[in-house]
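Structure, as structure tokens:
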């Protein structure tokens, strides 16, 4: 009898934890978007006030930010330093491709980041600043959507895990 109760409790708890894992994915997406926006603000300050070259700026920013966004910026800096005849856009795409699994972003959000790569190293400071501002605005909209989606789905997935585990226990016993 006690063994059945312990097994039932474990099944319900495991199902609840599975629901929490899905919630963590939504929350990680929000954190990544916040970090990317922060990184772009830091980049703008580095370029405008520090007159720092692209590779050094992204290396410094990558060290300051948390994973996986810090890794994305640091990888971009590494690809730029390696050269190999790649443009800044190609280096950005390579860094994005490498970091894509850890970022937990949707395809639309990844497309915004890919478009952001076209701003690196082209035109004057003002033109780059306008391009980055536009991308920041798009990322802020994506962040608001991600926050709303996270809030909406947070309780849903936790309750779904709990109810699913309880249903499974009822079917088994």
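A short reminder: the numbers here are calculations on the coordinates, not readings from a lab. Note that this is a predicted model, so its numbers are computed, not measured. FYI the Cβ positions are ideal-geometry reconstructions off the backbone, even for glycines, and counts take in every protein chain you see.
Each of 106, 84, 63 was scored by other Cβ atoms within 10 Å of its Cβ. Listed from fewest to most, they are 84, 63, 106.
Model label points for residue 13 and residue 25, set 7 angstrom from Cα along the Cα-to-Cβ axis, are 2.4 nm apart. For the pair residue 63 and residue 100, label points projected 7 Å from Cα toward Cβ lie 3.0 nm apart. For segment 1-74, just say rounded, prolate or oblate: build the C-alpha gyration tensor, square-root its eigenvalues into a ≥ b ≥ c, call rounded for a/c under 1.5, and beyond that prolate if a/b exceeds b/c, oblate if not. Since a/c reaches 1.5 and a/b is larger than b/c, the shape of segment 1-74 is classed as prolate. Each of 13, 173, 43 has some number of other Cβ atoms within 10 Å of its Cβ, and from fewest to most they run 173, 13, 43.
In the chain, the calculated helix contribution to ellipticity at 222 nm averages -30500 deg cm²/dmol per residue, counting -39,500 (n - 2.57) for every DSSP H run with n ≥ 4.
Look at 2, 26 and count the other Cβ atoms within 10 Å of each Cβ; fewest to most, that gives 2, 26. Taking 0.36 nm per residue of separation and subtracting the Cα-Cα distance, full extension of the segment from residue 160 to residue 45 would add 36.9 nm.
Values (1) 9, 30, 27, 20, 11, 3, 0; (2) 10, 32, 25, 14, 11, 7, 2, 0; (3) 9, 28, 32, 20, 9, 2 are given for comparison; P(r) over Cα pairs in 10 Å bins from 0, in percent, derived from the coordinates here, is the one labelled (2). Stretched out straight at 0.36 nm per residue, the stretch from residue 148 to residue 84 would grow longer than its current Cα-Cα span by 18.8 nm.
Just check segment 77-152 against the gyration tensor rule for me: Cα atoms, a ≥ b ≥ c as the square roots of the eigenvalues, rounded for a/c under 1.5, and otherwise prolate or oblate depending on whether a/b exceeds b/c. In terms of gyration-tensor shape, oblate. Segment residue 56..residue 172, full-extension length gain: 35.8 nm, with 0.36 nm per residue of separation and the alpha-carbon distance subtracted.
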